[in-house]
């Protein structure tokens, strides 16, 4: 049977659709939590008296998710996709239960760390399993459906978070995850029928690069701690920030050196970075992670601080972002699938994002509905196009046997960048608010407090003149955040010039295919279908 015929058979069977459904539900579970928390943060920090630690509610989750990603990819290769996904869902369940029962900010931050381990693994395993089931050349539409799921969660998440925070209790935001995680666990256990690599437990443990994973976890943790502290709890030039930042990035550099020289089965095989097309895709993914999470986290701040919106209403006002991302992610996937080329949606996405963020810098405290809706719409179009487009230049030049490692690093770049996006934007906003807010209002907050989220519940209680000054200060400060996103988008646009069109794979790796059917095609060797061995010359077969 030809590869094309095998692909058609595998992508139309009941086992395939049940397996794909299990992956989609897991992806939805993780995405809902990330997006719902943003609108509830002001209420959470106010109730737990943790205005000085607000950024850690998101950063602890992102930090844990980023640190675990390379390790989860290696676990998936060694122990199989289904056991690894079940473990991640279990971690997410436990972390959600602990978050919902938190009595103080330290408890919540620790619980979010546990939750982040599960959430990061879920997102990573979801993309890896989809790559096992669907050849890259046919993945555009399916990739779009995964992003559609994420964006649907992004659409309803802020409203759910705002509703619980305003009408009930924010704790139900986390308790809601418990039945969803239970459903996801059952679906994975019953329907995710993919092969598990053979071998004893001892043989599999020996294959795991424990030292390499320890190095990257330590490096990532230290770097993100420094980024979280910088400009908020401590000045950027203080030892509290510089020491962990320098040591953290030293560990990350050591990880790359160690992986290239020591382990026989490295966590990060360097052939996933050996050509400029894949490298450009990773860098573009990193930049996209920064700008996309900033939009999700800081538009609700604009709505609640400048427009006196309630948590629920701010979630509704975020609809232009949430509901536009997903259709244009699917559009990008369809374009790639039908044309076999991926450069155009990458170009278009960054250009539109540049325009959108540029317009957002013009938003004022009294901007019209047409302005904040229209500017959001444009930015969301660009964000959606890029969301679905960077995976293709990353995977096209590498052999299918390296997909899990490549996707683990892809998800690491995105998750690591999202934490950068939250913390960099928080630092910019904090510093700008200190400069722009009226002195009598600033005097209400102790040193080290995160002003934005601590201030929002107080704004509506202020006298009219002071309230208008505070609203204007927030709008002007957020304009600087959007200007920073213009810079990141410009850098993203420049990465596209490194891309080359590479013929995309029409095979998958049989090692992890569906159990009830034969392989999609013969298992390729490391050299077959491996144009990346040509290095940065990128003299690749063009589509």
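Table for the structure above
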| item | result |
| --- | --- |
| Residue count, segment 318-346 (criterion: buried (at least 23 other Cβ atoms within 10 Å of the Cβ), more than 14 Å from residue 147 (Cβ to Cβ) and over 19 Å from the mean Cα position of the chain (by Cα)) | 1 |
| Flag for residue 397 being part of a helix (DSSP H, G or I), in contact (Cβ under 8 Å) with a residue 24 or more places away in the chain and more than 30 Å from residue 113 (Cβ to Cβ) | no |
| Unmet criterion (only one of (1) surrounded by fewer than 24 Cβ atoms within 10 Å (Cβ to Cβ); (2) within 18 Å of the chain's Cα centre (by Cα)) for residue 358 | (2) |
| Qualifying residue in segment 431-445 (condition: modelled with pLDDT of 85 or more and either part of a loop (DSSP other than H, G, I, E, B) or within 16 Å of the chain's Cα centre (by Cα) (or both)) | yes |
| Verdict on residue 58 being under 20 Å from residue 227 (Cβ atoms) and surrounded by 24 or more Cβ atoms within 10 Å (Cβ to Cβ) | yes |
| Any hit, segment 371-383, residues being under 20 Å from residue 259 (Cα atoms), touching a helix residue (DSSP H, G or I) at 6+ places or on another chain (Cβ under 8 Å) and buried (at least 24 other Cβ atoms within 10 Å of the Cβ) | no |
| Options 63, 32: the member that is assigned to a helix (DSSP H, G or I), modelled with pLDDT of 75 or more and under 18 Å from residue 110 (Cα atoms) | 63 |
| Lone qualifier among 129, 156, 123 - being in contact with a strand residue (DSSP E or B) (Cβ under 8 Å, 6 or more places away or on another chain), assigned to a helix (DSSP H, G or I) and in contact (Cβ under 8 Å) with a residue 60 or more places away in the chain | 129 |
| Filter result for residue 388 (more than 30 Å from residue 308 (Cβ to Cβ) and modelled with pLDDT under 95) | yes |
| Condition met for residue 484 (more than 30 Å from residue 74 (Cβ to Cβ) and touching a residue at least 60 places away in the same chain (Cβ under 8 Å)) | yes |
| The listed residue being under 19 Å from residue 45 (Cβ atoms), in contact (Cβ under 8 Å) with a residue 24 or more places away in the chain and surrounded by 24 or more Cβ atoms within 10 Å (Cβ to Cβ), out of 423, 415 | 423 |
| Residues of segment 96-105 that turn out to be in contact (Cβ under 8 Å) with a residue 24 or more places away in the chain and part of a helix (DSSP H, G or I), as a count | 5 |
| Criterion (surrounded by fewer than 24 Cβ atoms within 10 Å (Cβ to Cβ), free of Cβ contacts under 8 Å to residues at least 60 places away in the same chain and farther than 30 Å from residue 127 by Cβ) met by exactly one of 441, 445 | 441 |
| Output for segment 223-261, where each listed residue is under 18 Å from residue 60 (Cβ atoms) and without any contact (Cβ under 8 Å) to a residue 40 or more places away in the chain | 223, 226, 229, 234, 240, 241, 244, 245, 248 |
| Wholly within segment 231-350, helices (runs of 4 or more DSSP H) carrying at least 1 residues that are closer than 24 Å to residue 403 by Cβ and in contact with a helix residue (DSSP H, G or I) (Cβ under 8 Å, 6 or more places away or on another chain) | 239-261, 276-306, 319-339 |
| Condition met for residue 228 (within 18 Å of the chain's Cα centre (by Cα), within 30 Å of residue 455 (Cα to Cα) and modelled with pLDDT under 75) | yes |
| Residue in segment 359-366 that is within 19 Å of residue 31 (Cα to Cα) and assigned to a helix (DSSP H, G or I) present | no |
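The values are calculated or read from the model by the stated rules, or taken from the named source; none is laboratory data. Since the structure is predicted, the reported quantities are computational estimates derived from the model, not experimental observations. Every residue, glycine as well, gets a Cβ built from its backbone with ideal geometry; the counts of neighbours run over all protein chains shown.
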